[in-house]
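Single-structure report; data block below.
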Amino acid sequence: MDILVQTLTTFLSIYTILLIVRILLSWFPNVDWFSPPFSVLSQLTDPYLNLFRSIIPPLGGIDLSPILAFLLLSFVRQGLVAIAVATSSTYAYF
């Protein structure tokens with residue numbers, strides 16, 4: 001169980017970094033999102049961000065949906081850590 005939780009939290013951390021890179025690159029208008037490194041990044045992150053873009057539309061040209069996306073990722077990661085701590089403490093008594 002610990003290995004699974006550790007793997008999932010590592011995946012969520014890596015995905016958070018990918019989201020940060022995607023958001024920072026969106027500030028540069030001359031990035032070609034069809035070239036190989038950027039298209040892969042876009043294909044990995046846009047489906048997740050589009051979920052939140054449908055909830056929160058851009059306001060005045062500013063996209064606030066990544067804030068909600070980061071909050072959900074953080075909540076899930078903390079929940080996984082809490083589950084890992086709870087299960088490891090119950091096994092310590094046996």
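The values are calculated or read from the model by the stated rules, or taken from the named source; none is laboratory data. Note that the structure is a prediction, hence the values are computed from the model and not measured. Cβ coordinates were reconstructed from backbone atoms using ideal geometry, including for glycine residues, and neighbour counts include every protein chain displayed. Heads up: the accessible areas ignore ligands, DNA and RNA and are worked out on the full protein's heavy atoms, side chains in. Shrake-Rupley method; radii C 1.70, N 1.55, O 1.52, S 1.80 Å.
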Probe 1.4 Å, accessible area per residue of the chain, Å²: 71 Å²
Accessible surface of the stretch 1-60, 1.4 Å probe, proportion on carbon and sulfur as whole %: 74 percent
Counted charge near Thr45, where neighbours are those whose Cβ lies closer than 15 Å (Asp, Glu -1; Lys, Arg +1): 0
Mean separation of Cα contacts under 8 Å (6+ apart) over length of the chain, as relative contact order %: 35 percent
Net charge contributed by nearby residues that have their C-beta within less than 15 Å of Leu8 (K/R +1, D/E -1): 0
Spacing of the two label points (7 Å from each Cα toward its C-beta) at Gln43 and Leu73, in nm: 1.9 nm
Computed [θ] at 222 nm, deg cm²/dmol, the chain (DSSP H ≥ 4; -39,500 (n - 2.57); rounded to nearest 500): -26000 deg cm²/dmol
DSSP H segments from the chain that extend 18 Å or more along their own axis, Cα-based, with Kyte-Doolittle mean of 0.5 or above: 2-25, 65-91
Distance (nanometres) between label positions extended 7 Å along Cα→Cβ at Thr10 and Asp63: 2.9 nm
Cα shape, the stretch 5-64, gyration tensor, a/c 1.5 rule: oblate
Loop sites in the stretch 1-44: chymotrypsin sites (Phe, Trp or Tyr not before Pro), DSSP, at most 16 other Cβ within 10 Å: Trp27, Trp33, Phe34
